[in-house]
Amino acid sequence: MGNLKNIVPDENFNWDSYERGDALSLDKSVEELTKTYDDTLSTVKDKEVVEGTITSMNKREVVVNIGYKSDGVVPLSEFRYNPELKVGDKVEVYIENQEDKKGQLILSYKKARAARSWDRVNEALEKDEIIKGYVKCRTKGGMIVDVFGIEAFLPGSQIDVKPIRDYDIFVDKTMEFKIVKINNDFKNVVVSHKVLIEEELEQQKKEIISHLEKGQVLEGIVKNITSYGVFVDLGGVDGLIHITDLSWGRVTHPEEIVKLDEKVNVVILDFDDEKKRIALGLKQLTPHPWDGLDPDLKVGDIVKGKVVVMADYGAFVEIAPGVEGLIHVSEMSWTQHLRSAQEFMKVGDEVEALILTLDRDERKMSLGIKQLKPDPWENIEERFPIGSVHQARVCNFTNFGVFVEIEEGVDGLIHISDLSWTKKIKHPSEFTAIGALIEVQVLDIDKENRRLSLGHKQLEENPWDVFETIFTVGSIHEGTIIELMDKGAVVSLPYGVEGFVTPKHLVKENGSPAKLDEKLPFKVIEFNKEARRIIVSHSRVFEDEQNAKREAEKSSSKSSRGSKKEKESEAVIPQMEKTTLGDIEELAALKEKMEGEKE
């Protein structure tokens, strides 16, 4: 006790007032103390938004001091959009109840945000401010994001600069956004995360573009694959590898060469002045296959390859990756007929061919497959001598004849005049059909032009030798009119022969013209064996009969008047002579008289 100091009571303390509870101190009244207390604490009202400071946090709650007599408690779940929350942070809270049954101050961060949300949203749009939002869930076409307590829409196209294949990975995440659109009437807010990435990429893009040069090799990531090419992300700048620049070989679809998100080295081939369109190449990073082609390969060598492209005019054959040769349709077969290359081969066929031309500078090669077979025209005279008979297939028609093929590469022409001895053929289609087989005889060989002259009628004896004895001029035959024309008619005569009759010879005895399909007698008035032409007449049949009848009548009348005429003639002749001499005498007298008058 000796160590304690002597404690002296305050002489001014009013113990009586203290006992009555009138005052808490000697120099201040209760009213004054209450006023001091009220001035020290914040004056708050229910349903009001105030600012507070976080004093402590646990797994369930956040304690916020708003300067009131007690601290308020806010559920931690209301701060889920802000995982970086820490003690000492200033936050706005909504006063739900100053004092519940337990005397606790009840605050809400969520309602504070909602109360201020539209002001904050409009302010963020106006200031182009970066804000934070909590991705709540997926929806049609995008995501729902909690921004200041408002449910905003994040379109799928605004999540990232590259296409999003899995939306679910963004759910329950807090991300930064910018507000891009507000519809106050419908309370709609649209946000974008992509614009933030684009702003960052734009800076990178400017940096990359400023250093771009043709021939520069860069690493990129395959961003998108289309049927015509591949888009590659060069680190904020996109370039296009056209399908023709993916490989030296033929490419049906870019997916054969690259895969999505694959890292590839590319070379810059070209770009526009603003460097917005960048053309890239992949195949250019490897040597051209033609440069690696066997230097000993030459014209006349036989190569093997695979048909990669077909056209009507020929087939492209790949004999090594990126090295192709063209087999023209004319080099596929010895035949002279124009055909489509598809008749000989198809894509994927393995073929053997002979090198016809080889240009290493132009990187072109022409091939042939018919050269691997013997030329059918080499010994044509031995295999198809003049006079030999063969079976041929009809290939084509012309107005003047029929083209046939005896065997592949050996063609011939049957002239229309060599089809039949008797029929008048206007067009070969009347006699045969394309694809039909016909027997022919070799008449002539044109080796230079690779064409045989052929005949069909020569397989039979010439019936005109016999016809010459049957259809003699003046002979009468029954015929049927099978065709009527302006210049005359064609008449079918016996033995399959046809004759021609002019209009004036078609007139019947009663004066009417003969009609089609009418059967009448016809008289031969001309027979030409060389031209195989018979001219006939129906009118001559009855005209000649009438003439013959008249002649017979005349001859009978002459015989009865013969003696009488002889006597009359004796008297007539002197009279004719007399008259003639008298005329001469009168003319002579007239002449003399005229000459006398003249003198």
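A few remarks follow.
- Residue match in segment 304-321 (condition: closer than 25 Å to GLU407 by Cβ and of a type in the set (Phe, Trp, Tyr)): yes
- Count of residues meeting criterion [open to solvent by less than 30 Å² (accessible area, probe 1.4 Å) and of a type in the set (A, V, I, L, M, F, W, C)] in segment 223-242: 5
- All positions within segment 471-484 that are out of contact with any Ser or Thr (no Cβ under 9 Å at 6 or more places or on another chain) and open to solvent by less than 50 Å² (accessible area, probe 1.4 Å): PHE471, GLY474, SER475, HIS477
- Test: residue in segment 200-210 that is part of a strand (DSSP E or B) and open to solvent by less than 70 Å² (accessible area, probe 1.4 Å): no
- Selection over segment 126-152 of residues that are part of a strand (DSSP E or B), farther than 30 Å from VAL232 by Cβ and in contact with a Lys or Arg (Cβ under 9 Å, 6 or more places away or on another chain) gives a count of 8.
- Qualifying residue in segment 68-81 (condition: among the hydroxyl-bearing types (Ser, Thr, Tyr) and either touching a residue at least 40 places away in the same chain (Cβ under 8 Å) or within 20 Å of ASP119 (Cα to Cα) (or both)): yes
- Summed over segment 114-138, residues that are at pLDDT 85 or above, open to solvent by less than 50 Å² (accessible area, probe 1.4 Å) and closer than 20 Å to PHE186 by Cβ total 1.
- ASP411 being open to solvent by less than 40 Å² (accessible area, probe 1.4 Å) and among the acidic types (Asp, Glu): yes
- In segment 495-522, the residues that are among the aromatic types (Phe, Trp, Tyr) and in a strand (DSSP E or B): PHE500, PHE522
- Selection count where residues are touching a Gly at 6+ places or on another chain (Cβ under 9 Å) and surrounded by 15 or more Cβ atoms within 10 Å (Cβ to Cβ), scope segment 165-177: 4
Listed here are the residues, each with its yes/no results for (1) buried (at least 18 other Cβ atoms within 10 Å of the Cβ); (2) over 21 Å from GLY387 (Cβ atoms).
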| residue | (1), (2) |
| --- | --- |
| THR422 | no, yes |
| ALA433 | no, yes |
| GLU439 | no, no |
| LEU452 | yes, no |
| GLU461 | no, no |
| ASP465 | no, no |
| ASP486 | no, yes |
| GLY499 | yes, yes |
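- Criterion violated by GLY220 - all others in (1) within 23 Å of LYS178 (Cα to Cα); (2) open to solvent by less than 40 Å² (accessible area, probe 1.4 Å) satisfied: (1)
- Complete set of residues in segment 50-81 that are of a type outside the set (D, E, K, R), exposed (fewer than 15 other Cβ atoms within 10 Å of the Cβ) and part of a loop (DSSP other than H, G, I, E, B): ASN58, GLY67, SER70
- Hits in segment 376-408 (condition: under 39 Å from the mean Cα position of the chain (by Cα) and open to solvent by 10 Å² or more (accessible area, probe 1.4 Å)): ARG393, CYS395, ASN396, PHE397, THR398, ASN399, PHE403, GLU405, GLU407, GLU408
- Single residue of GLU331, GLU343, GLU352 found to be open to solvent by 50 Å² or more (accessible area, probe 1.4 Å), touching a strand residue (DSSP E or B) at 6+ places or on another chain (Cβ under 9 Å) and over 20 Å from ILE243 (Cβ atoms): GLU352
- Checked against (1) surrounded by 18 or more Cβ atoms within 10 Å (Cβ to Cβ); (2) out of contact with any Ser or Thr (no Cβ under 9 Å at 6 or more places or on another chain), GLY314 meets all criteria but (2).
- First in segment 383-399 and at pLDDT 85 or above, second anywhere and β-branched (Val, Ile, Thr) and open to solvent by 50 Å² or more (accessible area, probe 1.4 Å), Cβ under 6 Å, 6 or more apart: VAL394/ILE434
- Within segment 147-164, the residues that satisfy the criterion of being open to solvent by less than 70 Å² (accessible area, probe 1.4 Å) and at negative phi are VAL147, ILE150, ALA152, PHE153, LEU154, PRO155, GLY156, GLN158, ILE159, ASP160, VAL161, ILE164.
- Residue count for segment 501-536, restricted to those that are open to solvent by 30 Å² or more (accessible area, probe 1.4 Å), more than 17 Å from GLU468 (Cα to Cα) and of a type in the set (A, V, I, L, M): 2.
- Residue within segment 481-495 that is under 30 Å from ILE535 (Cβ atoms), touching a strand residue (DSSP E or B) at 6+ places or on another chain (Cβ under 8 Å) and among the charged types (D, E, K, R) present: yes
- Cβ pairs under 7 Å, 6+ apart, first in segment 441-452 and within 22 Å of LEU419 (Cβ to Cβ), second hydroxyl-bearing (Ser, Thr, Tyr) and surrounded by 12 or more Cβ atoms within 10 Å (Cβ to Cβ): LEU443/SER453; ASP444/SER453
- Number of residues in segment 178-195 that are touching a Phe, Trp or Tyr at 6+ places or on another chain (Cβ under 9 Å) and either among the β-branched types (Val, Ile, Thr) or buried (at least 17 other Cβ atoms within 10 Å of the Cβ) (or both): the value is 7.
Rundown of residues vs (1) part of a loop (DSSP other than H, G, I, E, B); (2) open to solvent by less than 40 Å² (accessible area, probe 1.4 Å); (3) under 23 Å from GLN216 (Cα atoms); (4) touching a residue at least 24 places away in the same chain (Cβ under 8 Å), yes/no style:
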residue: SER247; (1), (2), (3), (4): yes, yes, yes, yes
residue: THR252; (1), (2), (3), (4): yes, no, no, no
residue: GLU255; (1), (2), (3), (4): no, no, no, yes
residue: LYS259; (1), (2), (3), (4): yes, no, yes, yes
residue: ILE268; (1), (2), (3), (4): no, yes, yes, yes
residue: ASP294; (1), (2), (3), (4): yes, no, no, no
residue: LEU297; (1), (2), (3), (4): yes, yes, no, yes
residue: LYS304; (1), (2), (3), (4): no, no, no, yes
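The values are calculated or read from the model by the stated rules, or taken from the named source; none is laboratory data. On a predicted model such as this, the values are computed, not experimentally measured, just so you know. Counting neighbours? That spans all protein chains shown, and the Cβs are built from the backbone with ideal geometry, glycine included. Accessible surface areas use protein heavy atoms only, side chains included; no ligands, DNA or RNA. Shrake-Rupley method; radii C 1.70, N 1.55, O 1.52, S 1.80 Å.
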